[in-house]
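The values are calculated or read from the model by the stated rules, or taken from the named source; none is laboratory data. What you are looking at is a predicted structure, and each value in this text was computed from that prediction instead of being measured. All Cβ positions, glycine included, derive from the backbone under ideal geometry; neighbour counts span all protein chains shown.
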Amino acid sequence: MNRRILLSILCLFFLVPTIGAQSTSSSAPPAEEQNETMLDTLKRMQIKREEAEHKKILEKGERIKLDAETLAKTAAQGSLPRGGESEKKLREIDKAARQIRSDFGGAGDDNPLDPTPGSLDDALKQLNDASDRLNKNLSKTSRRVISVTVVEDANEITQLVKILRGYLR
């Protein structure tokens, strides 16, 4: 029994190095090709991530447009209810516009609007127009483009949201 164990241990000591030598002598690609392949893979992953981020930006623009249209329809049926659903939609519009602005390299310089809307209906119409322009400008951009018009439209939307919040209070 002891002889068998000793013999099997000796066989393992001799077989392990030969198995290891066989696996290292197989045709492994050189280190340069491995690095090049890894860099290509990393580039492809980066491109996919940038495309996904751009798609999210486009979806945020669509969401702003839909929320602005919903607010305009609600106001057309009567007046906007204070708080509740309309306040939530305004928060979502503001948040999405700020994220789009920062993704396109804009800063938080919230300059007041030149033609300040005189009424709630004018503000909602201007918000609807600005969200349409933002969507059109977003659809024209690619994932690598920084657009000043998108930043300006996003700034206008954030200013209009502030004005609309004032009307709701």
Can we say Arg169 is touching a residue at least 24 places away in the same chain (Cβ under 8 Å) and more than 19 Å from Arg63 (Cα to Cα)? yes
Can you name the residue in the range 63-91 that is among the acidic types (Asp, Glu) and surrounded by 15 or more Cβ atoms within 10 Å (Cβ to Cβ) and is also modelled with the lowest pLDDT among such residues? Glu87
For the condition assigned to a helix (DSSP H, G or I), closer than 30 Å to Lys48 by Cβ and touching a residue at least 24 places away in the same chain (Cβ under 8 Å), what is the one hit in Ile64, Ile146? Ile64
Take Asp153 and decide whether it is free of Cβ contacts under 8 Å to residues at least 60 places away in the same chain, surrounded by 17 or more Cβ atoms within 10 Å (Cβ to Cβ), part of a helix (DSSP H, G or I) and of a type in the set (Asp, Glu). yes
Scanning the range 77-116 residue by residue, those in a helix (DSSP H, G or I) and not charged (D, E, K, R) turn out to be Gln77, Gly84, Ser86, Leu90, Ile93, Ala96, Ala97, Gln99, Ile100, Ser102
Cβ-Cβ under 7 Å pairs, at least 6 apart or on other chains, the range 31-51 side part of a helix (DSSP H, G or I), far side surrounded by 10 or more Cβ atoms within 10 Å (Cβ to Cβ): Glu50/Arg143; Glu51/Arg143
Of the residues in the range 117-143, how many are within 17 Å of the chain's Cα centre (by Cα) and either aliphatic (A, V, I, L, M) or in a helix (DSSP H, G or I) (or both)? 6
